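Inspection log for the structure reproduced underneath, given as structure tokens.
The values are calculated or read from the model by the stated rules, or taken from the named source; none is laboratory data. This structure is a prediction, so every number in the text was calculated from the model and none was measured. Here the Cβ positions follow ideal geometry from the backbone for every residue, glycine too, while neighbour counts run over all protein chains shown.
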Amino acid sequence: MMGKAPGQPAAPQPSSNLFSFLRSPFRKPEPRVEDVPRVSLSGLRHGESAAVKATAAALKDHGFAWLEFEKPSRGDVAMGGTDDSLWKTNESLAEIGDFLEKFPNCGSPHAMEGHFSAAHKDGLRVVTGSCLKADMEKVPRNIQEKLARLALDMDEAQRDVIRALAPALHFSTGEDIGEYLDIPLLCPEHGSLRQYGLLDVVRYRMGVESPPEVVSPHVDPGLLILSLPCAVPGLELQDAVGEWRAAPAGHGVLWAGRAAETLHLKGGVHRVVASPAPRLSAWHEMCTRSQLCPPMLQVLEENSLELKLGDAKGTAEVLRLLQANEDHLNVSLVERRGVPVGKSGAVIQDMYVPWRLSPGAPLGVPGPSARSAMPPVQHAGVPVGKRGLSLNAMPQRPSKPPALPLPDGTVEIVQPPVAHALQDQWRKLGRANMWYSFNVGPVHFISINTETDFPGAEETKTGDGHFSWLKAGHFGADGRDSRRRQAYL
């Protein structure tokens, strides 16, 4: 065999990889994920192009973006002064933190509103907007005033942010997103439908007894969550490559919730780890109307519905178990220790048709604001008002039931045994709907269609449906005709 002459380059050898052509210079390179950007909150609220573009990209890739809370460079009266007020929250938060430090373990256990206490933390929870309470029990008046102002400022900031991001998310306005996902803070008030968000100010006590993860990794059920800067580290978010990241000093965070995944954003996975000193944190969640909080509990009660978790039935019993998880006490659900009660998805069971065709095929139909068949969030250390519920709508009945059984630890919305399947909860609460009634063999179906020809109309007689061969009708937003509808069906 001939050897190569000295200095002569070796002849190219045929590649043993038959697919080496895929690595040709003409192959499209993998998209590069940019690092988490630092975005000016003021610029984002004003709709500045660079800020909007960077934030939208970060929410799609990582699920979060860092926020700079620099002093606004302009006196824009369109913001009503809220931009500047939000920048100056440190003094108010310090006073709220002093109150929580002075009265540790003195709040109502796991209260979903007002002063609460749980394992490793104390805090103040506020339902904002039109649901803001005028008086909080055992909370000084000056603290209540600061909370009310902070709630107003955070509501406005979140509205500004979603208004700026709407075009990048392929919507004309923030209100359109609100209607699509049933976000109460973004929807016009109508009848019993009110505008609100959720504000939490929490002091994590920290100490030698604190677990390494005070709050385990989870995704919030809402649309967007805006967290104010915190002097003490502890909050961490998981980026696009799975690394845990802490916010740069002096920066806040904007992250996406489960509802935002419908808009092709990445849910922001976050946790709270132990820190050497107590940590005061404040955040605002643009929640869904179906999210577990005081207004949602009222809806459950008014419509004869209850919660179910595994073998536990009844809202009070389910809340008790979820509170045990938040307090790191439930050894059977280790992965959910410390996670607030309101931080999990829920499914609707035995409430709408089509009925389950077999015990192993749960209904689990997703509503527009929260996908009811989604797996439960991994929990450990999260607050009581953060657990998502998919009660708010049934856009269309599915072509077939989901094949997979419910994952362990999933919260369900069910009818109590005494409730009949054709009670008032057939309607989408506060909205006018079209219903159809028909049979397929031995199975009786009732379909609810959120598209209606006559919004707000009272129930009509048979024959006003889109198909002449279907029994059909409308029922009004106030549900006054529910007994007539039940008798007819």
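Can you find, within the range 270-311, the residue that is nearest to residue 94 (Cα to Cα) among those that are of a type in the set (Ser, Thr, Tyr) and in contact with a helix residue (DSSP H, G or I) (Cβ under 8 Å, 6 or more places away or on another chain)?
Filtering first and then ranking leaves 288.
Could you please let me know if residue 199 is within 30 Å of residue 53 (Cβ to Cβ), assigned to a loop (DSSP other than H, G, I, E, B), in the same structural domain as residue 261 (by the TED database) and at pLDDT 95 or above?
no
Could you pull out the residue among 240, 256 that is among the small types (Gly, Ala, Ser) and touching a strand residue (DSSP E or B) at 6+ places or on another chain (Cβ under 7 Å)?
Among 240, 256, only 256 is among the small types (Gly, Ala, Ser) and touching a strand residue (DSSP E or B) at 6+ places or on another chain (Cβ under 7 Å).
Can you tell me how many residues within the range 210-237 are in contact (Cβ under 8 Å) with a residue 40 or more places away in the chain and farther than 13 Å from residue 280 by Cα?
So the answer is 18.
May I ask you to list pairs of residues, at least six apart or on different chains, whose Cβ atoms are under 9 Å apart, with the first in the range 151-171 being over 11 Å from residue 56 (Cα atoms) and in the same structural domain as residue 263 (by the TED database) and the second being aromatic (Phe, Trp, Tyr) and assigned to a loop (DSSP other than H, G, I, E, B)?
Going by the 9 Å Cβ cut-off, the qualifying pairs are 155/196.
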